[in-house]
Amino acid sequence: MDCTLEQIAERIQRSKEVLIVAHMRPDGDAIGGALALSYALDFLKTPNQVCVESDIPSNLAFVDGVEKIKKMPKDGYDLIVAVDSSDDQRLGALSDLFLQARRKKIDTVNVDHHVSNTHFAKYNYVRICSANCMNVAALIKAMGVPIDKKTAEYLLLGVLTDSGNFSHDDVTEETLRLTAELVKAGADISGYNYLLFKRQPKARALLHAKTMSGMRFYHDDRFAVITVTKANMLACGADEGMTEGFVDFPLTVDSVEVSASVMEVRKGQYKISLRSKRYADVNKIAGTYGGGGHVRAAGCMLFGDIEDVLDRLSYTVSQYLE
């Protein structure tokens, strides 16, 4: 059922131990939201665990507290809270916990901001906004927990990454008000800006150059695609975490409305990240293949030979270009 943050806060406060989960291949919004909520529960002296199926991306390894995040939980929790996940399948191996929860009489909560959210938990709070950390911040306040410097930096991590450093068109007055509040609480916005968007290891720089040199254009240059292969990552000494932000670069080309990053996960499987500039709804494009996200930023998985994948993706995108 859909409910208010106050109702979710009340349910959390009745819990003896909380399991916090976020989507696989987590980004800054997922990690920031999970750790901020965990830290708030620490303040309330409520035992909690944080779990994500995947390894922490290398570009977020600097975040204080990521060592707390495990891949699978220990027994003992009586409530599961999913943050920043549009559906239970995005939790990967942890999705089974949601399937088993009802049988074990464990309640589930879903706090998210994706337009494609399926309202998959017993208690759902879904509000579309720049970053899910905005919803988590409101939840923490509803729990009666003050936002201190550490909490503020976790929340800022999510706001900065999911707003594209305030460049996306879903940035509102509320986004900026919360950011001002977080900075006032002690969050180092210039430091985080540098760590997230400006610094990079040599391996990332080499992979970026190699990837962008192979950019392909379709549909009168309105659709641009970059392909990140396992071979190129290996040759550059890079990993998946270093590709954060790659998909945004093709949008800087004047004619491009939709950009796609096609990243090889394993042979025959590709993670597709989509972005749009003005009008194309990439959430609908991703939804064609069982994915989703936001109107201007979404993703999905495609399988098959790379050229076949690009052909299918190109055809689908063409249906959403004016």
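The values are calculated or read from the model by the stated rules, or taken from the named source; none is laboratory data. Owing to the predicted nature of the structure, the values given are computational and were not obtained by experimental measurement. So basically every Cβ, Gly included, is an ideal-geometry build from the backbone, and we count neighbours across all protein chains shown. Side chains included, ligands, DNA and RNA excluded: accessible areas come from the protein's heavy atoms. Shrake-Rupley method; radii C 1.70, N 1.55, O 1.52, S 1.80 Å.
Any residue that is open to solvent by less than 50 Å² (accessible area, probe 1.4 Å) and in contact with a His (Cβ under 8 Å, 6 or more places away or on another chain) - is there at least one of those in the range 60-78? It would help to see each step written out before you state the result.
Looking only at the range 60-78, we keep the residues that are open to solvent by less than 50 Å² (accessible area, probe 1.4 Å), and these are 60, 63, 65-66, 69, 73, 77-78.
Narrowing further to those that are in contact with a His (Cβ under 8 Å, 6 or more places away or on another chain): none.
Scanning the range 60-78 turns up no residue that is open to solvent by less than 50 Å² (accessible area, probe 1.4 Å) and in contact with a His (Cβ under 8 Å, 6 or more places away or on another chain).
If a residue has to be acidic (D, E), farther than 20 Å from A9 by Cα and modelled with pLDDT of 95 or more to count, how many in the range 68-84 make the cut? Break it down into steps so the answer makes sense when it comes.
Step one: filter the range 68-84 for residues acidic (D, E), giving 75, 78, 84.
Restricting the remaining residues to those that are farther than 20 Å from A9 by Cα gives 75.
Going one step further and asking which of them are modelled with pLDDT of 95 or more, we end up with none.
Here the count works out to 0.
Only one residue in D64, D84 is touching a residue at least 40 places away in the same chain (Cβ under 8 Å) and closer than 24 Å to A142 by Cα. Which one?
Numbers: D64 fails: closer than 24 Å to A142 by Cα.
After ruling out the rest, the residue left standing is D84.
At least 1 residues that are among the hydrophobic types (A, V, I, L, M, F, W, C) and at pLDDT below 95 in each: list the strands (runs of 3 or more DSSP E) lying fully within the range 227-310 that qualify.
On the way: elements: 258-266, 269-276, 297-303.
Filter on the range 227-310 gives 258-266, 297-303.
Consider D55 carefully, then state whether it is over 23 Å from E244 (Cα atoms) and open to solvent by 20 Å² or more (accessible area, probe 1.4 Å). It would help to see each step written out before you state the result.
On the way: over 23 Å from E244 (Cα atoms): no; open to solvent by 20 Å² or more (accessible area, probe 1.4 Å): yes.
No; evaluated as a whole, the condition is false for this residue.
Could you list, in sequence order, the residues of the range 163-192 that are assigned to a helix (DSSP H, G or I) and open to solvent by less than 30 Å² (accessible area, probe 1.4 Å)? Please lay out each step first, then the result.
Applying the first criterion (assigned to a helix (DSSP H, G or I)) to the range 163-192 yields 173-184, 189-192.
Matches in the range 163-192: T175, L178, T179, L182, G191, Y192.
This table checks each residue for (1) in contact with an Asp or Glu (Cβ under 7 Å, 6 or more places away or on another chain); (2) open to solvent by 10 Å² or more (accessible area, probe 1.4 Å).
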residue	(1), (2)
R222	yes, yes
T229	yes, yes
T243	no, yes
T252	no, yes
K271	no, yes
K277	yes, yes
R296	yes, yes
L302	no, no
S318	no, yes
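Taking R204 as the residue in question, decide whether it is closer than 18 Å to V247 by Cβ, open to solvent by 30 Å² or more (accessible area, probe 1.4 Å), assigned to a helix (DSSP H, G or I) and not β-branched (V, I, T).
The answer is yes for R204.
Only one of these is in contact with a Phe, Trp or Tyr (Cβ under 7 Å, 6 or more places away or on another chain) and either touching a residue at least 60 places away in the same chain (Cβ under 8 Å) or of a type in the set (F, W, Y) (or both): S318, S314. Name it.
Working: S318 fails: in contact with a Phe, Trp or Tyr (Cβ under 7 Å, 6 or more places away or on another chain).
From the options S318, S314, the qualifying one is S314.
Out of all the residues in the range 8-31, is one or more of a type in the set (G, A, S), open to solvent by 30 Å² or more (accessible area, probe 1.4 Å), in a helix (DSSP H, G or I) and touching an Asp or Glu at 6+ places or on another chain (Cβ under 7 Å)? Before you say what the answer is, go through the steps one by one.
Taking the range 8-31 first, the residues of a type in the set (G, A, S) are 9, 15, 22, 28, 30.
Imposing the further condition that a residue be open to solvent by 30 Å² or more (accessible area, probe 1.4 Å) reduces the set to none.
No, the range 8-31 has no match at all.
Please go through the range 88-116 and give me each residue that is in a loop (DSSP other than H, G, I, E, B), farther than 22 Å from L157 by Cα and not small (G, A, S), ordered by number.
At the first step, the residues of the range 88-116 found to be in a loop (DSSP other than H, G, I, E, B) are 102-106, 113-116.
When the remaining residues are screened for being farther than 22 Å from L157 by Cα, the result is 102-106, 116.
Of everything in the range 88-116, those that are in a loop (DSSP other than H, G, I, E, B), farther than 22 Å from L157 by Cα and not small (G, A, S) turn out to be R102, R103, K104, K105, I106.
Could you tell me whether S130 is hydroxyl-bearing (S, T, Y), open to solvent by 10 Å² or more (accessible area, probe 1.4 Å) and touching a residue at least 40 places away in the same chain (Cβ under 8 Å)? Walk me through how you get there before you give the answer.
Numbers: hydroxyl-bearing (S, T, Y): yes; open to solvent by 10 Å² or more (accessible area, probe 1.4 Å): no; touching a residue at least 40 places away in the same chain (Cβ under 8 Å): yes.
Criteria not met by S130.
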